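See below for the structure under consideration.
The values are calculated or read from the model by the stated rules, or taken from the named source; none is laboratory data. Just so we're clear, the structure is a prediction, and the values are computed from it rather than from any experiment. Methodologically, a virtual Cβ is constructed for each residue, glycine included, from the backbone with ideal geometry; neighbour enumeration extends over all protein chains shown.
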Amino acid sequence: MNLTGKLCPLIQALRSCRNLHIASLARNAAAYDGPGKTTVTFISKEIGPRFQVSQCNENGFALSNGFMIVGPTVLFPSQALCWNISSAKYINDATLSLFTVLEPKPELLIIGLDDNYDLPYFRSLQKLMRKHNIISEILPVRKACTVFNFVNDEGRYVIAALIPPKTTEHLTLPKKIEETDSDELKNGRKRNIVETDTKQE
């Protein structure tokens with residue numbers, strides 16, 4: 001009996017030592033800070049100040065927070081990532097893989113295309129979005145920036161996948177057209193005035 005009485009405390013001490021060692025390993029494993037460490041950030045929970053796209057050209061996008069993003073980008077409400085795609089022609093399952101694994105899913109994915117594409121291309125993109133159950137808007141990149149700014153300002157969880165336009169559009173008219181239009185208007189008004197004056201006499 002004396003031997004059993006001495007063994008029981010020894011067994012309990014060994015068990016508690018083993019449990020302490022396992023708990024220590026578990027704590028150290030969770031605090032690993034070496035290379036290859038995987039981290040998860042919940043973007044929807046860490047939304048800070050939201051930004052907007054203030055400018056868009058063939059080089060990239062200027063944001064309201066002062067940053068310039070060169071090349072294609074994926075914009076979250078307050079964060080931006082570079083998107084490794086050279087043109088909208090290459091949008092496929094692989095280039096959309098980021099959007100298929102996001103949790104929670106965005107309320108809206110806005111895709112801004114770099115060029116004008118034909119209707120069959122738009123239909124194929126829409127089919128691809130439906131395949132992954134992604135609610136999306138597919139627009140020219142400048143319109144996509146405007147929609148992103150509007151929806152993001154409403155406070156919704158929106159993502160924009162934007163490809164810079166191939167050319168910068170200028171909205172100025174050539175002088176010859178402006179002069180011709182204004183001359184025709186002036187001459188037309190003079191004719192009307194002359195005709196009304198002659199009829200009254």
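For this structure, a couple of remarks:
- ILE85 being among the aliphatic types (A, V, I, L, M), modelled with pLDDT of 85 or more and part of a strand (DSSP E or B): no
- Filtered by the rule that a residue be of a type in the set (Ser, Thr, Tyr) and assigned to a loop (DSSP other than H, G, I, E, B), the stretch 61-82 gives SER64, SER78.
- Among the residues of this structure, SER64 does not count as one that is of a type in the set (Gly, Ala, Ser), surrounded by 14 or more Cβ atoms within 10 Å (Cβ to Cβ) and over 21 Å from THR167 (Cα atoms).
- Of the helices (runs of 4 or more DSSP H) lying entirely inside the stretch 105-201, those carrying at least 2 residues that are modelled with pLDDT of 90 or more and closer than 19 Å to ILE69 by Cβ are 141-153.
- Here LEU125 clears all of (1) over 15 Å from ILE163 (Cβ atoms); (2) of a type outside the set (Ser, Thr, Tyr); (3) without any contact (Cβ under 8 Å) to a residue 60 or more places away in the chain except the condition numbered (1).
- Criterion violated by LEU96 - all others in (1) surrounded by 13 or more Cβ atoms within 10 Å (Cβ to Cβ); (2) under 25 Å from ASP153 (Cβ atoms) satisfied: (2)
Every residue, every condition in (1) in contact with a strand residue (DSSP E or B) (Cβ under 8 Å, 6 or more places away or on another chain); (2) among the hydroxyl-bearing types (Ser, Thr, Tyr), yes or no:
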residue: PRO49; (1), (2): no, no
residue: SER54; (1), (2): yes, yes
residue: ASN57; (1), (2): no, no
residue: GLY60; (1), (2): yes, no
residue: MET68; (1), (2): yes, no
residue: PRO77; (1), (2): yes, no
residue: SER86; (1), (2): no, yes
